[in-house]
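The values are calculated or read from the model by the stated rules, or taken from the named source; none is laboratory data. Keep in mind it's a predicted model, so treat the numbers as computed, not measured. Don't worry about glycine lacking a Cβ; one is built from the backbone with ideal geometry, like all the others, and counts go over all protein chains shown.
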């Protein structure tokens, strides 16, 4: 674990130094990424210029959902988003090069072409959260702060696991990056809005099938003192760390199985 983490940061730092060689280009792309993600929240602001509530949630409450979902996705995308490129390496056979190096293939794939410009999404999410937290009707006790931290950390781990699960599927499907994006980036957009505006069947799916609801919906509902639309027991709202742990373990098994199934291109 220690060696793998060290190798990840060494490879990532190599790509960071490479991107900083052209600092003006790096700054422009980072600011552009920040501006594009900011426009997502502008859509929410425009929506609330015409309505007072969305699914019973006010602007500050939706901003909390938006910021927490975007931050969790942004951290996962920054650290593990590049694993979705594994399908390209499988198709062109360049994955073989990674297999002969004395470093975990997962570490190499995750750190490959590490893009620091993705910090734009994280910065934007922190800005929205910083605006929302003082405005929501929450009594900020030690327990509430701990629940918030648990939600953000567990949500990042859950999204990271979903990134890796989708990439593992590419070992068999090879060209499934867009399918994976539907669950990662698509899931991030879904969680930015209250669960009360979606059909119950969809809410059940992202709770019991692909547990994205544990990224922010369930803990945020507890934080805001709102009822769960599915009527689940109250203790379920605190299961995000356990879900993140179980999903990470399952992801590790699926990834190892996928790598063992790799047979190169034959060329």
May I ask you to list the residues in the stretch 101-126 that are under 16 Å from residue 88 (Cβ atoms) and either surrounded by fewer than 16 Cβ atoms within 10 Å (Cβ to Cβ) or in contact with a strand residue (DSSP E or B) (Cβ under 7 Å, 6 or more places away or on another chain) (or both)? 113
Selection within the stretch 21-56 - part of a loop (DSSP other than H, G, I, E, B) and touching a residue at least 12 places away in the same chain (Cβ under 8 Å): 55, 56
When every residue in the stretch 1-41 that is loosely packed, with under 11 Cβ neighbours inside 10 Å and within 22 Å of the chain's Cα centre (by Cα) is compared, the one modelled with the lowest pLDDT is 1
Taking only the stretch 227-267 into account, find how many residues are in contact with a helix residue (DSSP H, G or I) (Cβ under 8 Å, 6 or more places away or on another chain), without any contact (Cβ under 8 Å) to a residue 60 or more places away in the chain and part of a loop (DSSP other than H, G, I, E, B). 6
Among (1) exposed (fewer than 13 other Cβ atoms within 10 Å of the Cβ); (2) closer than 15 Å to residue 153 by Cα, where does residue 218 come up short? (1)
Test each condition in (1) assigned to a loop (DSSP other than H, G, I, E, B); (2) out of contact with any helix residue (DSSP H, G or I) (no Cβ under 6 Å at 6 or more places or on another chain); (3) without any contact (Cβ under 8 Å) to a residue 60 or more places away in the chain; (4) closer than 30 Å to residue 139 by Cα for residue 204 and report the one that comes out false. (1)
